[in-house]
Amino acid sequence: MIVGPTAVGKTELSLLLAEDIFEIISFDSVQIYKYLDIGSGKPDKVQRQKIRHHLIDIIEPDFDFSAGDFVRVAGQSLLEIKERGKEPLFVGGTGLYIDSLFGGLSQIPPVENQIREEIIREIEIKGLEFLHGELMKIDRHFGEKVHRNDRQRIIRGLEVFRGTGKPLSSYYTAENGIAGKDILYIGLYEEREALVDRTARRVDRMMEDGFLEEVRSLRERGFGPELKSMRTIGYLELNRYLDGLTGLSEAIESIKIETRRYAKRQMTWFRKNKKINWFHRQETDRIQKLVGDWLKKTKI
């Protein structure tokens, strides 16, 4: 089962559904990092005590965590949950992780280091946004899930294509995935105006809760702005402020804009999945009924 996208109240719904039946496996590519708490919107201690969560706080911020790593760790969590007689509730909206786990991820041939070094030099000359545009041309399926500032994934997508002659997304294969299993897909949506207001209030609340201090603390721990984890939405903009490249109000507004853009990209991806049952985020009674009927059908 999967609940998404990220920007539309996934935590509230997942806790509503979970009760004693499910354990949650997070599909969030930022919540995997320790110390990145406020900016990633991690569930708090009370929520995590109520229902067991997996793939949250599992690696240091300077660790390079790939889609293959996610499939391996999530697969192990899935087996452990089943052994306890419970069901996994997959929550979140990182498209690459979703494709890799449900669709499968084939073994990608090794790529020469020289290709990666050439791409890095191109970034220095042409800029990251230009290379993201190139990625969109050669692998739109993967490129749509990659933020234009996500240096690591842009490099990965380009190096695989240049090194193997095949787009990275072509290595997804249903043979290795779990898409054929009995899965209930639930998608949440919200009107654009309400989402814009909700996003703005969420970012303001994050700042009030100490988001800027969290970023400062990460830097003091030695986790610099060049890291993949520190270039995600919110952390990137506040790092730019701390480096004197922008004002604080400008950084906060940029976070709101980039969050809305990310939500739009998520919705674009989710809409392509015809198996998803769509609900407004307030339709909790209908969602619970659907889940109850699904549980009866699967004899849980």
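The values are calculated or read from the model by the stated rules, or taken from the named source; none is laboratory data. Keep in mind that this is a model prediction, so the values were computed, not measured. Here Cβ is always computed from backbone atoms with ideal geometry, including for glycine, and neighbour counts include all displayed protein chains.
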| query | Between a first residue in segment 238-256 that is among the acidic types (D, E) and a second residue that is part of a loop (DSSP other than H, G, I, E, B), which pairs have beta carbons less than 9 Å apart while being 6 or more apart in sequence or on different chains? | reply | D243/P225
| task | Can you confirm whether segment 121-131 contains a residue that is buried (at least 16 other Cβ atoms within 10 Å of the Cβ), closer than 20 Å to Y262 by Cα and out of contact with any strand residue (DSSP E or B) (no Cβ under 6 Å at 6 or more places or on another chain)? | result | yes
| Any residue at all in segment 173-185 that is hydroxyl-bearing (S, T, Y), at pLDDT 85 or above and part of a helix (DSSP H, G or I)? | no
| message | If the requirement is being over 20 Å from the mean Cα position of the chain (by Cα) and part of a helix (DSSP H, G or I), which of these qualifies: F161, F142? | response | F161
| Filtered residues of segment 75-94 (kept if modelled with pLDDT under 90 and of a type in the set (G, A, S)) | G75, G85, G92, G93
| request: Kindly indicate the residue of segment 219-242 that is basic (K, R) and modelled with pLDDT under 95 and also nearest to E258 (Cα to Cα) among those meeting that condition. | output: R231
| So V71, is it at pLDDT 90 or above, surrounded by 18 or more Cβ atoms within 10 Å (Cβ to Cβ), of a type outside the set (S, T, N, Q) and under 23 Å from L158 (Cα atoms) | no
| note | The residue that is nearest to V30 (Cα to Cα), considering only those in segment 78-95 that are in a helix (DSSP H, G or I) and aliphatic (A, V, I, L, M), is L78
| Residue check for E220: assigned by TED's automatic domain parsing to the domain that holds L36, under 17 Å from K42 (Cβ atoms) and exposed (fewer than 14 other Cβ atoms within 10 Å of the Cβ) | no
| field | Residue ID - nearest to A263 (Cα to Cα), chosen from residues in segment 145-158 that are over 15 Å from the mean Cα position of the chain (by Cα) and charged (D, E, K, R) | value | R151
| Within segment 20-40, is even one residue at pLDDT below 90, buried (at least 19 other Cβ atoms within 10 Å of the Cβ), in contact with a strand residue (DSSP E or B) (Cβ under 9 Å, 6 or more places away or on another chain) and not hydrophobic (A, V, I, L, M, F, W, C)? | no
| said: Please go through segment 221-242 and give me each residue that is assigned to a helix (DSSP H, G or I) and of a type in the set (S, T, N, Q), ordered by number. | reply: S229, N239
| message | Filter segment 243-265 down to the residues that are surrounded by 14 or more Cβ atoms within 10 Å (Cβ to Cβ) and either part of a loop (DSSP other than H, G, I, E, B) or touching a strand residue (DSSP E or B) at 6+ places or on another chain (Cβ under 7 Å) (or both) and list them by number. | response | T246
